[in-house]
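Encoded as structure tokens, the structure appears first; notes follow it.
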Amino acid sequence: MRLMFLLVFVVGILIAGYAGFTALQQFAGYDREITRLKKLAAKNVKTGGVVIVAKPLAFGKTLKREDVKVVRFPTTAIPKNAFRSIEEVFGKEEEEKPPRAVLRIMEPLEILSKTKVSEFGEDAGIASRLGQGMRAFTLRVDVASGVSGFLRPGNTIDVFWTGRVSKQTITRLILDGIQLIAIDQISDEDRNRPYVARTVTVAVTPQVVAALAQAQATGKLQLSLRGTNDTEESGQINFTQNDLLGREVVAKKKAKVCTIKSRKGAEVKTITIPCPKE
């Protein structure tokens, strides 16, 4: 009986030891897996909150809280001017901030940035699109000078001036690559239909405003539409009627005339003589 008890006791000890050893191995495996996951997590891309559009938004619409939401986004890919929280867009709930207006059409899941909406209380007018030190200036156009109605807000144009200089007509590039911010009273960049305008408004510095005013008063302005991705400078461009006809203007050298004066009594005569060789 004692032998049986001793045998059971020894078997129990062995089983307990094996179970303890197995448990220790399992715990060690867990530790290794936790360490591996921590290293893997350290290599993952860091994310941060960013405000995106939750539904289609039209130009001029008043922005509301249900129009946007916050999602996680890789921090390295978030634009610097993007809104990072709902409070940043609308202010704190206890504050009564005036609403913002949408400045361009936006599609769902598009990141909401500060350039796409107005400041608090501002509408979607052109004043909200003027940068620091810039001024809005309006030019008169017609079907021909306004590129046949294909201009729209957001386009980039060159401005040519045609007028009289030194008794000849000249066409000159006076402004290179300026942006249109409105066509007549329309400032919606997403208007795609051709529209024959009577005026166009550009964003320029005060010095350029003075230049445009002088050009518009002394000659005729012609607008030239640039391509969407064209940022190349055109350089100095001048064209005259002689350039158009392919003529060269040669200045005629005035012949030198040599004279002497002859006096006979009270009468003085001027006599032309050959000029001495130089």
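None of the figures in this text is laboratory data; all of them are computed from the coordinates on show. Quick caveat: nothing in here was measured; it's all calculated off a predicted structure. Reconstructed Cβ throughout: ideal geometry from the backbone, glycine too, with neighbour counts over all protein chains shown.
Just a few scattered comments:
- Linear extension gain, residue 93 paired with residue 229, 0.36 nm per residue minus alpha-carbon span: 44.8 nm
- Near-label residues of region 161-177 by backbone N, under 15 Å of a point 7 Å along Cα→Cβ of residue 242: 165-171
- Fully extended contour minus Cα-Cα distance, from residue 109 to residue 213, at 0.36 nm per residue: 33.1 nm
- Shape summary: region 44-124 maps onto an equivalent ellipsoid whose semi-axes, from the alpha-carbon gyration tensor, are 21, 14, 11 Å in decreasing order.
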